[in-house]
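Q: I'd like to ask some things about the structure below.
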Amino acid sequence: MVRQAPVKDIDESELEVGREKHAAAGVTAVAVSMKRAIEQMGVKRTAQTLLKLNQVDGYDCQGCAWPDPSPDHRHTAEFCENGAKAVTEEATKRHIGPEFFAAHPMAELKQKTDYWLGQQGRITQPMVYREGGSHYEPIGWDEAFGIIAGELNALDSPDEAIFYTSGKTSNEAAFAYQLFVRAFGTNNLPDCSNMCHESTSVALAEAIGIGKGSVHLEDLHQAELIVIAGQNPGTNHPRMLQALEIAKGNGAKILAINPLREAGLVRFKNPQTPKGVVGGGTGLADLHLPIRVNGDLALFQAIGALLLEWGCVDHDFVQRHTVGFDEWAASARELDWDAVLRATGLSRELIEEAAGMFRDSAATVNCWAMGITQHRNSVATIREFTNVALLQGNIGRPGAGLCPVRGHSNVQGDRTMGIWERAPEHFLDALQTEFGFDPPREHGLDTVASIGALRDGRAHVFFGMGGNFVSAVPDTEVAEQAMARASLTVHVSTKLNRSHVTHGRTALILPALGRSEKDRTGGREQRVTVEDSMSAVHASKGPLEPASSHLRSEVDILCSMAEATIGDRHGIPWSDFRSDYTEIRRRIARVVPGCAAYDEKVDQPGGFQLPHPPRDTRTFPTAADKAIFAVNPLDILHVPEGRLLLQTMRSHDQFNTTIYGLDDRYRGVSNGRRVIFVHPDDITALGLSEGDYVDLVSEWSDPDHADAQLVYRRAPRFRVVPYDQPRGCAAAYYPETNPLIPLDSKALKSNCPTSKSVIVRLAPVDVDVADGGALASYPSDYGVVADGQVGDDAQKQYVEPDQLS
Ligand SMILES: Nc1nc2c(c(=O)[nH]1)N[C@H]1C(S)=C(S)[C@@H](COP(=O)(O)OP(=O)(O)OC[C@H]3O[C@@H](n4cnc5c(=O)[nH]c(N)nc54)[C@H](O)[C@@H]3O)O[C@H]1N2
Ligand SMILES: Nc1nc2c(c(=O)[nH]1)N[C@H]1C(S)=C(S)[C@@H](COP(=O)(O)OP(=O)(O)OC[C@H]3O[C@@H](n4cnc5c(=O)[nH]c(N)nc54)[C@H](O)[C@@H]3O)O[C@H]1N2
Ligand code: SF4
Ligand SMILES: [Mo]
């Protein structure tokens, strides 16, 4: 019997717009997450699963990378609404086996959104799509590994294969993965970080010598000022609100810097306290700067200049621990205030008030996320954050530091384990010493470069360790064409997604165990380890029976693939790794810096902290052996007349490309996703009305190439929703907007796609689409703007302040 699909696809005509909320969490959050959990898991399984989440003897949340409190401070329910949704998504009792794939031909699956695909349930068996076929069919594991090995070994060069990682993969799997890929012969290890905090990693490595944040969770509790820039914690890191509540209780001030007044920045109703359940909750931000999108570089230059002018400099710290102060100070004294006001859209009074909060704080933590990292000038912006922190000596002392808040639950751990297309020489040397082969030294391809290589026929095999590459990357049309040119696409996955139906000539889906499940690989109960956003490493062990007996762990899949592909080349003991992950941890201990006695240390309750020299001892392993002030030119993103600056962000009901549901509760949207939030006065100025439908059209030409053509990209049919934000800015959800983001529009130095600064115009609806319908009914397209000429107004996107008319 063929089961009915549990959900219909998105019918955007049912979209409703209500009022935005001014407080996050509260009892509604608990009710929403429990309803979903019980629907998909039943009562018993819900209790069994959620009570082990983020506990010392339990498993790590599959959601974000927010750290856990120390073991003696954990609650019985140590998770948030979105953590519960993430668990439900994985531990759902909905399953899809071969009969599902037999009933739904590839041509039909291609018409479905990520929402529909994901909601069908857990994949229970390895599946193959054979060249010219019409359906995915079941395949045995050994045959699947044989296909992979055959394709990989037939390549002219190992560099023709791409090995992507999404940030959920455990440290053990990540270490085995990068080892296999380098033993096979390439550094082509792009990951989701390339689209996420890469700008942070680059900027911090340059400035303080290590690409990670410099705080512990306790530092937030003790801070006098917490700055939250370009981050929406109420949705994306909800347990951060608990830390903010504790900090407020200790007298901290909070400064929110965001074009949107996000509910989670305004007020928190902690469902674990009486005040949060029946009272008004805790007010959070003391000051909100409604900054223009991309204005943060200018803002932090101004804050730095004011602190300098006011004499708020920790001279002792600056002298002992930094270089470059004089040059920086000279440029800060020359600050062009007109340019700052234009770039930020803020008044000088408001900026001075914010700078006053820095002045009055003896311990400041600066937090940020995607609103900062996904712009052309992101690396420079984060260097300015660092300048301000260095100026006041806010690194390596209690209650202070830099706090990039990471996305995926183990994205930081994967990097630590060597998932990096540009791994440092010392890491490769350590691999060589430990395993006795010479790993390739040439840098590999990052995410954006990988798409280019597939598109241009320079790469032929794509292997995805988790994730949903096609939906997550920019320039959807181009990405789909790139994947279609591959000879083989392979995805290690838990749930179905668009990347499985946008495939190469042959395609494999290899179903993996999730983190909530018991891993009995090699006949023993295995555990894995992960690292959170604050460099704390701990073990994770799932409580549930696996969704199917055919599932294999990620470690198992990688080791088996390595055996099939390179056999005992280099004498790496893949079978020992697979039968006892302790063997992998022993190798991690010898190769990865800071991981000596790894297996023993993760046994301590709550795990251990990786070393962080700036945080621990105020030593800065940079080229200068000190922290480095940077002088960054102020560029302004100039938005031509009649266009808007669009940021692409997450709703409250999704995890990246995984769409849990269709409600963005805090922003007042329900039952749909194709909306564009625009300031009411801009709606009027553009001759539109609330509720109109428009196509979003981005126009872009590569600023680094003088003869580049002007190219348009169109994503059709979004409903216009009035929403308070700075004039000229707009916001819409990802991944629906990814067709608008040019592949080559990247942050300088980090190559992070510029997902938060897309210049668009709102065009009349051009494509005839029936009301409602699925993603495939919204055909995006792109092409050269016919009359677009180099030098056109639309192309002058990045200008020096004095070039502005
Ligand atoms: N529930 C849930 N949790 C998640 C995720 C999820 O999808 N769902 N994703 C995970 C991942 S991988 C990541 S990376 C994180 C992402 O966490 P966030 O960075 O919070 O995610 P976004 O929704 O992209 O939100 C960006 C925020 O930056 C603001 N912003 C946009 N442009 C600018 C700007 O130019 N300047 C400033 N100052 N602000 C700006 C937006 O208004 C928004 O509030 O969350 C992780 N956690
Ligand atoms: N326009 C725009 N684009 C963006 C962003 C943006 O803000 N705007 N954000 C970017 C960011 S920050 C990120 S991190 C990327 C995210 O990019 P990805 O990490 O590639 O995408 P996800 O949506 O997190 O991946 C979801 C898929 O992972 C698989 N999966 C889930 N759990 C597991 C597991 O335990 N094991 C395995 N093997 N597979 C699993 C499921 O099949 C699921 O469909 O997107 C980026 N793209
Ligand atoms: S804050 Fe992040 S890690 Fe913690 S429970 Fe929520 S989603 Fe999971
Ligand atoms: Mo991310």
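Q: Identify, among His197, Ile226, Val27, the residue whose Cα sits farthest towards the positive end of the charge dipole of the chain, taking +1 on the Cβ of Lys and Arg and -1 on the Cβ of Asp and Glu, with the dipole about the Cα centre.
A: Val27
Q: Could you compute the net charge surrounding Ala205? Neighbours are other residues with a C-beta less than 13 Å from the C-beta of Ala205; K and R count +1, D and E count -1. If you can, show how the numbers build up before the last one.
A: Values: positive: Lys212, Arg383, Arg415, Arg422, Lys749; negative: Glu198, Glu206.
After counting each charged neighbour, the total is +3.
Q: Okay, next question. Considering only the other residues whose Cβ falls under 9 Å of the Cβ of Ser33, what net charge follows from Lys and Arg at +1 and Asp and Glu at -1?
A: Working: positive: Lys35, Arg36, Lys85; negative: Glu81.
Here the count lands on +2.
Q: How do the peptides 157-163, 353-359, 229-235 rank, highest first, by the average count of neighbouring beta carbon atoms within 10 Å per residue? Working shown, then result.
A: On the way: 157-163: 21.6, 353-359: 19.3, 229-235: 25.1.
Answer by packing, highest mean first, reads 229-235, 157-163, 353-359.
Q: Please list 3J(HN,Hα) in residue order for segment 403-419, calculated via the Karplus relation 6.51 cos²θ - 1.76 cosθ + 1.60 where θ = phi - 60°; whole Hz, with x for glycine and proline.
A: Taking θ as phi minus 60°, the curve returns 9, x, 9, 6, x, 4, 4, 10, 5, 6, x, 4, 5, 4, 7, x, 6 Hz for segment 403-419.
Q: Any chance you could look up the accessible area of Glu477 with a 1.4 Å probe, heavy atoms only, rounded to 10 Å²?
A: 40
Q: So between Ala205 and Val7, what do we pick up on full extension, going 0.36 nm a residue minus the alpha carbon distance?
A: Numbers: separation 198, 0.36 × 198 = 71.28 nm, distance 4.54 nm.
Once the chain is fully extended between Ala205 and Val7, it gains 66.7 nm.
Q: For the chain, what is the percent of antiparallel DSSP beta bridges, rounded to the nearest 5? Present the calculation step by step, with values, prior to reporting the outcome.
A: Details: 46 of 98 bridges.
Among the beta bridges of the chain, antiparallel pairing accounts for roughly 45 percent.
Q: Return the long-range amide H neighbours of Leu544 (sequence gap of 5 or more, or a different chain), with a cut-off of under 5 Å between placed amide H atoms.
A: Glu517, Lys518
Q: What value, in deg cm²/dmol to 500, does the helix sum -39500 (n - 2.57) over DSSP H runs of n ≥ 4 give at 222 nm once divided by the residues of the chain? Could you put the intermediate results ahead of the total?
A: On the way: 32 runs with 274 residues, N = 805.
The per-residue figure over the chain is -9500 deg cm²/dmol.
Q: Another one. I want to make sure I understand the PRE zone here: with the label point 7 angstrom from the Cα of Lys93 toward its beta carbon, which residues in segment 25-55 have backbone N atoms less than 11 Å away?
A: 38-46
Q: Quick query: amide H of Ala731 versus all other amide H atoms, modeled in the peptide plane; which residues come in under 5 Å with a sequence gap of 5 or more or a different chain?
A: For Ala731, whose amide H was placed from the backbone, the distant partners under 5 Å are Gln647, Phe677.
Q: A follow-up question, please. Amide H to amide H, which residues 5 or more places from Val227 or on other chains are under 5 Å from it, using H placed in the peptide plane?
A: It is Leu255, Val365, Asn366, Cys367, by chain and number.
Q: Kindly report, to the nearest 10 Å², the accessible surface of Ser757 as traced by a 1.4 Å probe over protein heavy atoms only.
A: 10
Q: Note the per residue figure in Å³ for the convex hull of the C-alpha positions in segment 12-91.
A: Details: hull volume 10.5 nm³, N = 80.
Each residue corresponds to 131 Å³ of Cα convex hull volume.
Q: Report the full-extension gain for the segment Ser134 to Ala597: residue separation times 0.36 nm, less the Cα-Cα distance, to one decimal in nm.
A: On the way: separation 463, 0.36 × 463 = 166.68 nm, distance 5.11 nm.
Full extension of this stretch gives 161.6 nm more.
Q: May I ask for the distance between the Cα centers of segment 285-361 and segment 500-534, given as a whole number of Å?
A: Value for the Cα centre distance between the two parts: 45 Å.
Q: Determine ³J(HN,Hα), in whole Hz, for all residues of segment 212-221 in sequence, where each value follows from phi through the Karplus function 6.51 cos²θ - 1.76 cosθ + 1.60 and θ = phi - 60°; x replaces Gly and Pro.
A: Running phi through 6.51 cos²θ - 1.76 cosθ + 1.60 with θ = phi - 60° gives 10, x, 10, 10, 9, 4, 4, 4, 5, 4 Hz.
Q: Shifting gears a bit: Students often check this: by mean Cβ neighbours within 10 Å, which of 550-561, 282-293 ranks highest, and how do the rest follow?
A: On the way: 550-561: 24.1, 282-293: 20.8.
The packing order, highest mean first, is 550-561, 282-293.
Q: For Cys192, what is the net charge nearby, where nearby means another residue's Cβ is under 12 Å from its Cβ and Lys, Arg count +1, Asp, Glu -1?
A: Details: positive: Lys168, Arg406, Arg415; negative: Asp191, Glu198, Asp414, Asp446.
Taking every other residue near Cys192 into account, the sum is -1.
Q: Filter the cross-link list Lys52/Lys110; Lys541/Lys749; Lys495/Lys756; Lys44/Lys495; Lys52/Lys269; Lys21/Lys253 down to pairs whose alpha-carbon distance in this structure exceeds 29 Å. All intermediate terms of the calculation are to be shown ahead of the outcome.
A: Values: Lys52/Lys110 37 Å; Lys541/Lys749 38 Å; Lys495/Lys756 27 Å; Lys44/Lys495 23 Å; Lys52/Lys269 24 Å; Lys21/Lys253 22 Å.
From the list (Lys52/Lys110; Lys541/Lys749; Lys495/Lys756; Lys44/Lys495; Lys52/Lys269; Lys21/Lys253), the Cα-Cα distance tops 29 Å for Lys52/Lys110; Lys541/Lys749.
Q: Something else about it: What is the magnitude of the charge dipole of segment 198-404 about its Cα centre, with +1 placed on the Cβ of each Lys and Arg, -1 on the Cβ of each Asp and Glu, and no other charges, expressed in debye to the nearest 20? Don't jump to the answer; show the numbers that get you there.
A: Details: 17 positive and 22 negative charges, 160 e Å.
Roughly 780 debye, rounded to the nearest 20.
Q: Between segment 150-189 and segment 1-66, what's the alpha-carbon centroid distance in Å?
A: 33
Q: Something else now. Can you divide the C-alpha Rg of the chain by 2.2 N^0.38 Å and report the result to two decimal places?
A: On the way: Rg = 25.1 Å, N = 805, 2.2 N^0.38 = 28.0 Å.
That works out to 0.90 for the chain.
Q: In debye to the nearest 20, how big a dipole does segment 12-91 give about its Cα centre with +1 on each Lys and Arg Cβ and -1 on each Asp and Glu Cβ? Each step should come with its number before you reach the end.
A: Details: 9 positive and 13 negative charges, 61 e Å.
Computed charge dipole of segment 12-91: roughly 300 debye.
Q: Residue by residue through segment 117-123, what is 3J(HN,Hα) from phi via Karplus (6.51 cos²θ - 1.76 cosθ + 1.60, θ = phi - 60°)? Round to whole Hz and write x for glycine and proline.
A: 4, x, 6, 5, x, 6, 6
Q: How much of His22 can a 1.4 Å solvent probe reach, expressed as accessible area in Å² and rounded to 10?
A: Accessible surface of His22 is approximately 100 Å².
Q: I've got another one for you. Express in whole angstrom the spacing between the alpha-carbon centres of segment 563-588 and segment 80-128.
A: Computed from Cα coordinates, the inter-centre distance equals 31 Å.
Q: No other cysteine beta carbon under 4.7 Å away is the test; run it over the chain and list who passes.
A: Cysteines of the chain left without a disulfide-compatible partner: Cys61, Cys64, Cys80, Cys192, Cys196, Cys312, Cys559, Cys595, Cys729, Cys752.
Q: Moving on to the next point. Could you sort 497-503, 522-528 so that the peptide with the highest average Cβ count within 10 Å comes first and the rest follow in order?
A: The densest-packed peptide leads the list: 497-503, 522-528.
The values are calculated or read from the model by the stated rules, or taken from the named source; none is laboratory data. Just so you know, these numbers come straight off a predicted model, no measurement behind them. Glycine gets a Cβ as well: all are built from the backbone with ideal geometry, and neighbour counts include every protein chain shown. All accessible areas refer to the heavy atoms of the entire protein, side chains included, with ligands and DNA or RNA removed. Shrake-Rupley method; radii C 1.70, N 1.55, O 1.52, S 1.80 Å.
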